[in-house]
Each structure stands twice: as C-alpha cells, then as structure tokens.
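The values are calculated or read from the model by the stated rules, or taken from the named source; none is laboratory data. Every value quoted in this text rests on a predicted model; they were computed, and no experiment measured them. No Cβ is skipped: glycine too gets one built from the backbone with ideal geometry, and neighbour counts run over all protein chains shown.
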Amino acid sequence: MSQAAQAATTAQTTPATLAAPLLRVERRADGVALVTLARPRARNALSIAMLDALTETFADLGADHGVRAIVLAGEGPVFSSGHDLKEITAARANADRGAAFFEDTLARCARFMQSLLTNPKAIIAAVEGVATAAGCQLVASCDLAVAGDKARFCTPGVNIGLFCSTPMVALSRNLSRKHAMEMLLLGDMVDALEAHRFGLVNRVVAEGAALETALAMAAQIASKSTHTVRIGKRAFYEQVEMPVREAYLHAGRAMAENLMARDAEEGVSALLAKRAPEWRDC
C-alpha cells in the first residue's frame, strides 16, 4: 500500500470509529462516500502529503462501483486554509530558495483539482467554518457546495504579497468575473450568503447542518443512474469551455450516446409505465 493510501482510512462504520492522520473515508450504505479532511490542528492545510492522499482517495472512489456520489467535509473550525505555509516557508532554505518545491506543490494541487472535474462521481463540498486560498479553490472545484450560515470564504493572497493565481482558475469558472476579481483583489472574507450570491455555493443552511444537507443531496444523486451522471458530468465540463456552436454539437453527441444506454431506455419505459426505474448503470 502506498504512503498516500495509508494516510486515508476506509471503513464501513460510523465516523466516530475512524482514525487517520490526514483523511477519514466512510463508505455509506446508500452509496455515498464521505471524505473528511482530518488535520484540524493544521487547519486542514493542503500539504504535499494531504494532496497525495486526496488524489489517490478520490481516484479510488471514482473507480469504486459501490460509490455513487461523494461528499467532502473538513474536521474542526476550518474547512481548509489552503496550502501549508509552514512547508512553503521551510522550502525557502533549499539551495534554489524553494523554486522546485513550489512548482511541484502547485502542479500536484492542479492535478488534484482537475481530477475532481474528471471524476465520474458527483462531488459535494460541505463547508463549515473557513475556506481560504486553495481551500476556497477546493470548494469551487467541487460540483456542488453547501455552506453553514457561519461559513466564510477568502482568497487572501494579495494581502501577503502572493496573488491567489491558481485559486483564480476555479473561481473565474464558477463566479462572474467581477465577483471573482473582487475576492482576488480585495482579499476580504466573504460570508456564506455573499458566497451564495456570488455563485460559489449552492445552498446556505443553518450552522452545523451543511454535512447533513450535503449527504442528503448526495443520496438523491446516488439514486440516479451512475452511467447517466457520468455522461452528463463529463459533457458539462467539456462543453463549458467551448464556443456555443461547438458546445451544442458536443452536447448533442453526448445526449445521443446517452440515449443508446440501457438506463435511458429503462428510464423512459418506467416513466411511461408509471413505475420506478431499475438502474443497471449501463
């Protein structure tokens, strides 16, 4: 087992029984997997080890036919503070003043964030507390996000002379340009309601209820055909980067592929017969 795999514990039991240095992973009976960032004393910072554990864990969950949707949460008062600044500071002692380490860290982070978009399962962030910098990027990179009403979001790099350029990629693809630039240029904390208005989160719920709501949403998605969800998610992220004419051609091909699937045939037949569909995920 790799070091990254050892960093995440997978179990069929309740979260209270799980213990791992970086992540906790629970595969639930309803087909939902719950991944919890478990470095609360380090503010769930995205260290090299954390990024590697997340990358491997999400790849494993994406390939697991028993997992139909994924929820990502954070333990403690901070969802994620972003990159591990202690690691970054320590790397400055290297002969190259940290240049190689910085490039490697950002490349690993970019690979992980992009892997969330290509993961065949729907991924929902359940945010309580604070999500800053690459932690905010992580929220923006999930397919959906639910925030407790006391949650706050920030891309504060500009305040310390380090513009949040990589979080900018995810923000600029989820928020309007003006809202993304407001967060990036001001570096201020944005509350949950403002984050909802900006388009960073889908729903704002009472403090402490984000996880419950995200799990309910994930269970609803898990009740659908995973084949259909996989086709739709892939097509969404592919077409959104295309010009409109090309996007329609691409979406049409995706829908034609979907229509040929057994589950599409079953779904239409079930609707006409006024019965519940029986998915085979193919």
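The residue pairs whose first member lies in the stretch 159-186 and is free of Cβ contacts under 8 Å to residues at least 60 places away in the same chain, whose second member is assigned to a loop (DSSP other than H, G, I, E, B) and among the basic types (Lys, Arg), and whose beta carbons are closer than 9 Å, counting only pairs six or more residues apart or on different chains, are Ala180/Arg173.
Put simply, of Leu215, Leu211, Leu185 the only residue that is over 15 Å from the mean Cα position of the chain (by Cα) and over 21 Å from Arg108 (Cβ atoms) is Leu185. Selection of the stretch 209-223 for residues being small (Gly, Ala, Ser) and crowded, with 20+ Cβ neighbours inside 10 Å yields Ala210, Ala214, Ala218, Ala222. Tell me, please, whether a residue that is surrounded by fewer than 17 Cβ atoms within 10 Å (Cβ to Cβ), among the acidic types (Asp, Glu), outside the structural domain of Gly135 (by TED's automatic domain parsing) and in a loop (DSSP other than H, G, I, E, B) can be found in the stretch 265-279. Yes: the stretch 265-279 contains one or more residues that are surrounded by fewer than 17 Cβ atoms within 10 Å (Cβ to Cβ), among the acidic types (Asp, Glu), outside the structural domain of Gly135 (by TED's automatic domain parsing) and in a loop (DSSP other than H, G, I, E, B). Look at (1) free of Cβ contacts under 8 Å to residues at least 24 places away in the same chain; (2) surrounded by 18 or more Cβ atoms within 10 Å (Cβ to Cβ) and you find that Glu238 fails only one, number (2).
Filtered by the rule that a residue be in contact with a Phe, Trp or Tyr (Cβ under 9 Å, 6 or more places away or on another chain) and surrounded by 22 or more Cβ atoms within 10 Å (Cβ to Cβ), the stretch 52-69 gives Leu54, Phe58. Picking from residues in the stretch 1-14 that are buried (at least 16 other Cβ atoms within 10 Å of the Cβ) and in contact with a Lys or Arg (Cβ under 9 Å, 6 or more places away or on another chain), the one that is modelled with the highest pLDDT is Ala8. Of the listed requirements (1) in a helix (DSSP H, G or I); (2) within 30 Å of Ala222 (Cα to Cα); (3) out of contact with any Ser or Thr (no Cβ under 7 Å at 6 or more places or on another chain), Ala126 misses just one: (1).
I'd like to check something: does the stretch 119-128 contain any residue that is outside the structural domain of Gln239 (by TED's automatic domain parsing) and surrounded by fewer than 17 Cβ atoms within 10 Å (Cβ to Cβ)?
Yes, the stretch 119-128 contains a residue that is outside the structural domain of Gln239 (by TED's automatic domain parsing) and surrounded by fewer than 17 Cβ atoms within 10 Å (Cβ to Cβ).
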